[in-house]
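Have a look at the structure below before the remarks.
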Amino acid sequence: MHSPSEQLTELGYYALSRHPVTPAELVAEAQLADELGFGTAFVSERFNIKDAAALCGALGAATSRLGIATAATNHSTRHPIVTATMGATLAELTGSRFALGLGRGITAQWQILGLSTITGAQLEDITVLLRRLWAGEMVIGHDGPAGSYPLLNLGVTLRPPPPIMVVTMSPKTLELAGRIADGVVLHTFLTDDATRSAVRTVREAAERAGRDPATVRIWSVLATVGDHLDDTDRLRRLYGRLATYLQGYPEPLMAVNGWAAGDLDRVRATQAFTGARGPIDATAQPDELAELAAAIPAGWIADSATGSTTECAKAVARQFDLGVDSVILHGATPTELAPVVEAYRGRRPAGLTTRPVNPGRMDP
């Protein structure tokens with residue numbers, strides 16, 4: 001193995017972001033990401049073979065300087081004491097490199113699983129509750145939006161506790177994040193204007209809450225799909241991935257970007273949608289992906305990182321002009337992102353200060 005490159009703590013990637021997921025690839029992928037200089041590995045949870053706690057534990061054991069975060073898991077799928085234990089264990093295991101990213105998830109999924117829809121009030125309540133537990137407090141008779149619990153106690157005090165991040169693109173939840181969260185993770189395929197607006201919403205909400213807006217670390221999520229990938233892979237990870245989001249939660253993504261409903265109707269009329277056999281990015285055939293690419297308006301992917309590795313690197317650097325603090329390169333593995341990261345080093349914005357290793361912190 002080569003000597004690790006200088007760490008770019010402002011850059012992250014999503015672990016095991018492809019379909020199908022192969023957890024056994026996690027360790028080698030993370031070690032390469034660490035060697036390339038990535039700052040953070042983010043873990044999104046799927047209810048199959050992608051358990052967030054298990055994967056974050058493996059990341060912590062496999063690396064020594066990589067930040068680690070869930071982006072996201074959901075508080076409602078675990079008892080609060082289990083979530084608190086998970087966060088505490090990962091914080092200790094990783095030497096305080098872990099941040100807990102929570103989100104509201106997809107309403108339809110909760111309906112299928114028989115779980116209640118996650119509300120902003122629940123997110124606020126669980127955030128306060130977790131911080132009390134990590135501070136060593138014995139919580140007696142808690143009764144709030146996150147549930148009623150006679151007695152909660154970890155019996156340990158964490159110094160420092162894990163940061164709590166909120167993963168969202170909804171304006172109301174962004175406002176909540178500005179008030180209570182240590183960090184924010186946005187969504188893939190936000191336009192530049194939507195990203196600027198999200199940043200402004202978080203910062204203004206933090207200021208109204210009496211917080212220093214600069215202490216909330218905001219991550220954008222940039223689809224990074226360069227021409228060095230083969231054609232089918234490129235179509236799958238750009239157009240197929242966007243279509244998969246439009247399968248699951250079209251309304252919020254359309255709303256924050258100001259996209260036209262008529263365009264969505266044309267996208268939904270494609271064979272990839274009408275004949276969908278599961279998530280489109282996992283199941284669509286090459287001809288379906290090509291039809292999808294022709295139907296999706298160019299403006300919907302215009303602010304992604306596409307083209308040559310140099311053009312991708314420039315797109316990454318431009319994210320900081322939108323007001324974000326850090327950038328997740330989404331849609332490719334560390335191996336595939338290696339030339340983009342190398343090109344970015346030569347275009348890293350002048351004056352960009354080194355971010356803490358922990359992805360939920362702005363202060364060391």
List every DSSP H helix in the chain whose Cα atoms extend 20 Å or more along the helix's own long axis and whose mean Kyte-Doolittle hydropathy is at least -1.0. 80-94, 120-134
Over all directions, average the projected area of the Cα convex hull of the range 55-187 and note it in nm². 8.1
Please give the contour-minus-distance gain from Ile112 to Asp287: 0.36 nm per residue of separation, less the Cα-Cα distance, rounded to one decimal in nm. 59.9 nm
Of the range 94-116, those with amide N under 13 Å from the point 7 Å along the Cα→Cβ vector of Glu251 are 106-109
When the accessible area of the range 228-307 is computed with all protein chains present and a 1.4 Å probe, what percentage of it is carbon and sulfur? 51
Glu35 versus Ser308: modelled label distance in nm, points set 7 Å from Cα along the beta carbon direction: 2.7
Rounded to whole Å and sorted largest first, list the principal axis extents of the Cα atoms in the chain. 58, 48, 42
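Starting from the eigenvalues of the Cα gyration tensor, five times each then square-rooted, give me the equivalent ellipsoid semi-axes of the range 31-92, largest first, whole Å.
Here the semi-axes work out to 22, 13, 9 Å.
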Sorted from largest to smallest, which semi-axis lengths in Å does the alpha carbon gyration tensor of the range 109-246 give for its equivalent ellipsoid, taking the root of 5 times each eigenvalue? 33, 20, 15
The simple spin-label model distance between Ala350 and Ala261, using points 7 Å out along Cα→Cβ, in nm, is 4.9
Using the heavy atoms of the protein chains alone and a 1.4 angstrom probe, what is the accessible area of the range 33-146 per residue in square angstrom? 37
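Under the √(5λ) rule applied to the eigenvalues of the Cα gyration tensor, what semi-axes describe the equivalent ellipsoid of the range 228-307? Give them in Å, descending.
18, 16, 11
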Estimated FRET transfer efficiency (Glu92, His19; beta-carbon r; R0 30 Å; 0.05): 0.35
How much accessible area does Thr89 have with a 1.4 Å probe, in Å² rounded to the nearest 10? 80
Can you tell me the relative contact order of the range 1-55? Whole percent, Cα pairs under 8 Å, sequence separation 6 or more. 45
Points 7 angstrom from Cα along the Cβ direction at Glu342 and Glu207: gap in nanometres? 4.3
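The values are calculated or read from the model by the stated rules, or taken from the named source; none is laboratory data. Here the structure is a predicted model, which means the values were calculated and not measured. Neighbour counts are summed over all protein chains in view; Cβ atoms, including those assigned to glycine, are modelled from backbone coordinates with ideal geometry. Accessible surface is based on the protein model in full, side chains and every heavy atom, while ligands, DNA and RNA are left aside. Shrake-Rupley method; radii C 1.70, N 1.55, O 1.52, S 1.80 Å.
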